[in-house]
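What follows is one structure encoded as structure tokens, with my remarks underneath.
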Amino acid sequence: MNAKQIAGQQAASYVEDGMRIGLGTGSTAYWAIHAIADRVKQGLKIEAIPTSKGTEKLALELGIPLTDFSRVQNLDLTIDGADEVDAKLQLIKGGGGALFREKLVAAASDQLIIVVDETKEVDVLGAFHLPVEIAVFAWETTVRRISGIGCTPRLRQKAGQAYVTDNGNYILDCPFGSIMDPAGLSHQLDAIIGVVEHGLFVNMADRVVIGTSGGEARVREKGF
Ligand code: 5RP
């Protein structure tokens, strides 16, 4: 088993009968979704809300019952990946472009469990360029506003075209360098018109499950 699979499998064990859960996006969440689907096949009763069209497709293929926010108000638990995790369990997310739905789903969850391999642990966030989802209309003005707070954003591309999210928006990858004050930067970005959402998840994760190359899972919890 690789480190991502170990983390995903361990995190799936936190899911209990009757729960409503959020399903994350990415190559580590993928393993958690598979492990949850195995438990559903054995009789686990849950309903899930996916954080991307890709995850929705995977969940349907694996037979995980889905629901949506017209039918449920909140979720018991969400399991999702991350691009960086610091010592206070603050995160950079959005490498896979799903950060807006991921943040909405996480904010509606009583608990957020993050699954990563050990390469994602950092002392200070920011080596990974911060993904920021922006409106397509007047996107150039949003780039200029973000440039004004300390980085030169790059418009994410896919196959030579601007990458478009599941929500019809663009992503800017923003090299802020070391982010010494994630909460402060989060507020600055929240205040910029044109920004739909950004990949800083401050004080949202409750638990991080880290798969190691040694074949074990380590768990870090908020406040420890
Ligand atoms: C998608 C995300 C992913 O969770 C993040 O990029 C980690 O992905 P992976 O587990 O494939 O490294 O935030 O928007």
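The values are calculated or read from the model by the stated rules, or taken from the named source; none is laboratory data. All figures in this text were calculated on a predicted structure; none of them were measured in a lab. Cβ: placed from backbone, ideal geometry, glycine included. Neighbour counts: every protein chain shown. When the accessible area is computed, the model is the full protein with side chains, heavy atoms only, and any ligands, DNA or RNA have been set aside. Shrake-Rupley method; radii C 1.70, N 1.55, O 1.52, S 1.80 Å.
When the helix-only estimate is applied to the chain (DSSP H runs of n ≥ 4, each -39,500 (n - 2.57), divided by the residue count), what is the mean residue ellipticity at 222 nm, nearest 500 deg cm²/dmol?
-8000 deg cm²/dmol
Mind listing the long-range amide H neighbours of H198? Cut-off is under 5 Å, sequence gap 5 or more, other chains count too, H placed in the peptide plane at 1.01 Å from N.
Hits under the 5 Å cutoff: E133.
Please tell me the relative contact order of the chain in percent, rounded to the nearest whole number, where contacts are Cα pairs under 8 Å and at least six residues apart.
24
What per residue convex hull volume, in Å³, do the alpha-carbon atoms of segment 130-196 yield?
Values: hull volume 5.7 nm³, N = 67.
Residue-normalised Cα hull volume stands at 85 Å³.
What list of ³J(HN,Hα) values in whole Hz, one per residue of segment 28-34 in order, does the Karplus curve 6.51 cos²θ - 1.76 cosθ + 1.60 (θ = phi - 60°) give from phi, with Gly and Pro shown as x?
8, 4, 3, 6, 5, 5, 4
Return the whole-Å distance between the Cα centroid of segment 187-224 and the Cα centroid of segment 86-120.
Each part reduced to its Cα centre gives a spacing of 4 Å.
Step through the residues of segment 199-205 one at a time and calculate ³J(HN,Hα) from phi using the Karplus curve (6.51 cos²θ - 1.76 cosθ + 1.60, θ = phi - 60°), rounding each to whole Hz and writing x for Gly and Pro.
For segment 199-205, the Karplus-derived couplings read x, 7, 10, 9, 6, 10, 6 Hz, x marking Gly and Pro.
Per the 1.4 Å probe, what fraction of the accessible area of the chain, in percent, lies on carbon and sulfur atoms?
Here carbon and sulfur together make up 51 percent of the probe-accessible area.
In square angstrom, what is the accessible area per residue of segment 76-224 with a 1.4 angstrom probe?
With the other protein chains kept in place, segment 76-224 gives 45 Å² per residue.
Just in segment 124-161: which chymotrypsin sites (Phe, Trp or Tyr not before Pro) are loop by DSSP and have at most 16 other Cβ atoms within 10 Å?
Sites meeting the loop and neighbour criteria: F137.
For the chain, just the Cα set please: Rg and Dmax, both in angstrom.
According to the Cα coordinates of the chain, Rg and Dmax are 17.1, 53 Å.
When ranked by the protection proxy of mean other Cβ atoms within 10 Å per residue, highest first, what sequence do the peptides 166-175, 22-31, 194-203 form? Write down the numbers at each step before the final one.
Details: 166-175: 19.0, 22-31: 26.0, 194-203: 22.0.
Top to bottom by mean Cβ count within 10 Å: 22-31, 194-203, 166-175.
Can you tell me, using C-alpha contacts under 8 Å and at least 6 residues apart, the relative contact order of segment 28-101 as a whole percent?
Relative contact order comes out at 28 percent.
Sort 55-62, 44-51 by the packing proxy (mean of other Cβ within 10 Å over each peptide's residues), most packed first. Before the final figure, lay out the partial values.
Details: 55-62: 16.8, 44-51: 21.2.
Ranked from most to least packed, the peptides come out as 44-51, 55-62.
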